[in-house]
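The values are calculated or read from the model by the stated rules, or taken from the named source; none is laboratory data. None of these values were measured; they are calculated from a predicted model. Note that we place each Cβ from the backbone using ideal geometry, even for glycine, and neighbour counts take in every protein chain shown. These area figures cover heavy atoms from the full protein model, side chains too; ligands, DNA and RNA do not enter into them. Shrake-Rupley method; radii C 1.70, N 1.55, O 1.52, S 1.80 Å.
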Amino acid sequence: QVQLVESGGALVQAGGSLRLSCVASGASWMIINTLAWHRQVPGKQRELVATITSRGSTNYDDSVKGRFTVSTDNAKNTGYLQMNSLKPEDTAVYYCEANIWTPATGSQYYWGQGTQVTVSS
């Protein structure tokens with residue numbers, strides 16, 4: 001089964017940067033059709049942060065537009081979220097969600113386990 005493993009979360013100061021990674025594994029050949037990054041604060045609704053399609057089209061929530069960049073590298077089966085100019089309001093658990101094609105299963109959605117991003121003021 002395809003699994004997504006996220007990493008890169010950390011405690012950073014406001015204004016700092018982080019790059020989150022979302023590595024897909026479990027199939028010898030896979031294509032990341034779409035990648036979405038979500039974030040969730042305990043007790044609050046999960047929100048969609050950024051998306052990217054296989055064509056490279058990106059979309060960002062207004063709260064992160066101009067600061068975050070989503071990308072994928074199919075050769076590495078990895079998605080990224082580059083986070084710059086971090087604000088305390090960005091503090092959350094970040095989850096990647098990817099639609100991934102494999103020869104065995106076709107296209108399916110998968111979720112990462114989440115990685116904690118904490119931005120101190």
Subject >> Counted residues, the range 83-106 - those being assigned to a strand (DSSP E or B) and open to solvent by less than 60 Å² (accessible area, probe 1.4 Å) >> reply: 12
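Okay, residues lined up against (1) at pLDDT 95 or above; (2) within 17 Å of residue 18 (Cα to Cα):
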residue	(1), (2)
52	yes, no
55	no, no
62	yes, no
66	yes, yes
69	yes, yes
75	no, no
81	yes, yes
87	yes, yes
93	yes, yes
Original post:
under 15 Å from residue 114 (Cβ atoms), open to solvent by 50 Å² or more (accessible area, probe 1.4 Å) and either over 15 Å from the mean Cα position of the chain (by Cα) or aromatic (Phe, Trp, Tyr) (or both), is that true of residue 23?
Top reply: no
**OP:** Determine whether residue 29 is in contact (Cβ under 8 Å) with a residue 60 or more places away in the chain and either surrounded by 14 or more Cβ atoms within 10 Å (Cβ to Cβ) or within 15 Å of residue 111 (Cα to Cα) (or both).
**Re:** no
**OP:** Could you check how many residues of the range 51-71 are among the β-branched types (Val, Ile, Thr) and in contact with a helix residue (DSSP H, G or I) (Cβ under 9 Å, 6 or more places away or on another chain)?
**Re:** 1
**OP:** Scan (1) exposed (fewer than 13 other Cβ atoms within 10 Å of the Cβ); (2) in a strand (DSSP E or B) for the single condition residue 42 breaks and write down its number.
**Re:** (2)
